[in-house]
1. Looking only at region 30-49, filter to residues that are among the hydrophobic types (A, V, I, L, M, F, W, C) and either within 14 Å of residue 10 (Cβ to Cβ) or touching a Phe, Trp or Tyr at 6+ places or on another chain (Cβ under 9 Å) (or both); which one of those is most open to solvent (accessible area, probe 1.4 Å)?
2. Kindly provide the set of residues from region 1-12 that are exposed (fewer than 10 other Cβ atoms within 10 Å of the Cβ) and in contact with an Asp or Glu (Cβ under 8 Å, 6 or more places away or on another chain), ordered by number.
3. I'm checking my understanding of the structure. Among residues of region 83-101 that are part of a loop (DSSP other than H, G, I, E, B) and over 17 Å from residue 47 (Cα atoms), which one is farthest from the chain's Cα centre (by Cα)?
4. Just wondering, is there one or more residues in region 92-100 that are within 25 Å of residue 119 (Cα to Cα), aliphatic (A, V, I, L, M) and surrounded by 13 or more Cβ atoms within 10 Å (Cβ to Cβ)?
5. Return yes or no: is residue 104 more than 14 Å from the chain's Cα centre (by Cα) and open to solvent by 80 Å² or more (accessible area, probe 1.4 Å)?
6. Return the only residue of 80, 15, 68 being modelled with pLDDT of 90 or more, open to solvent by less than 50 Å² (accessible area, probe 1.4 Å) and assigned to a strand (DSSP E or B).
7. Which of the numbered conditions does residue 56 fail, given that it passes all the others? Conditions: (1) open to solvent by less than 50 Å² (accessible area, probe 1.4 Å); (2) in contact (Cβ under 8 Å) with a residue 60 or more places away in the chain.
8. Residue under question is residue 61, and the condition is that it be among the acidic types (Asp, Glu) and either touching a Pro at 6+ places or on another chain (Cβ under 9 Å) or over 22 Å from residue 92 (Cα atoms) (or both); does it hold?
Amino acid sequence: MPERYKTASAVMLFLLRGQNGKQEILLQKRQNTGYADGMLDCGASGHVEAGETMRAAMAREAAEELGLALSPAEVRFATLTHKTSPDGTTYVNVFFCADCGEAEPQICEPEKCAEIRWFPL
């Protein structure tokens, strides 16, 4: 494929839950990734692998990072951004929403995530 058609794609998860009649979102604190370390980020995120749909990538990342068993059908498209990272890579970032239900997210990659916490919307 010509170089001009190569754009990285990544997926991000807005994981939501209802708590005491109010909506909350799960955020993670990044560490040791080389990008935005120490900052809060979506509950799970990652790159889309070759041959993988974006919804499948989001379900895989939720399992790898938070221990959640979401199906691709459970993640709903929210929005997307087109950006250039500090290293010059152009990205299409696709954001999805999913409901947590009764599941308890866990930090499954402690080398990359310092903490996870629920915040009111």
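1. 40
2. Within region 1-12, the first condition is being exposed (fewer than 10 other Cβ atoms within 10 Å of the Cβ), and the residues that meet it are 1-6.
Correct list: empty.
3. Narrowing region 83-101 to residues part of a loop (DSSP other than H, G, I, E, B): 85-89, 100-101.
Filter again for over 17 Å from residue 47 (Cα atoms), leaving 100-101.
Values: 100: 14, 101: 17 Å.
Here the answer is 101.
4. The first filter runs over region 92-100 and keeps only residues within 25 Å of residue 119 (Cα to Cα), leaving 93-100.
Still in the list and also aliphatic (A, V, I, L, M): 94, 98.
Right, trim to surrounded by 13 or more Cβ atoms within 10 Å (Cβ to Cβ) and you get 94, 98.
For region 92-100, residues within 25 Å of residue 119 (Cα to Cα), aliphatic (A, V, I, L, M) and surrounded by 13 or more Cβ atoms within 10 Å (Cβ to Cβ): present.
5. In short, yes.
6. The unique qualifying residue is 15.
7. Of everything listed in (1) open to solvent by less than 50 Å² (accessible area, probe 1.4 Å); (2) in contact (Cβ under 8 Å) with a residue 60 or more places away in the chain, residue 56 misses just condition (2).
8. No.
The values are calculated or read from the model by the stated rules, or taken from the named source; none is laboratory data. From a predicted model like this one, the values you see are computed outputs, not experimental measurements. Note: ideal-geometry Cβ built from the backbone for every residue, glycine included; neighbour counts use all protein chains shown. The accessibility values were calculated without ligands, DNA or RNA, using every heavy atom of the protein model including side chains. Shrake-Rupley method; radii C 1.70, N 1.55, O 1.52, S 1.80 Å.
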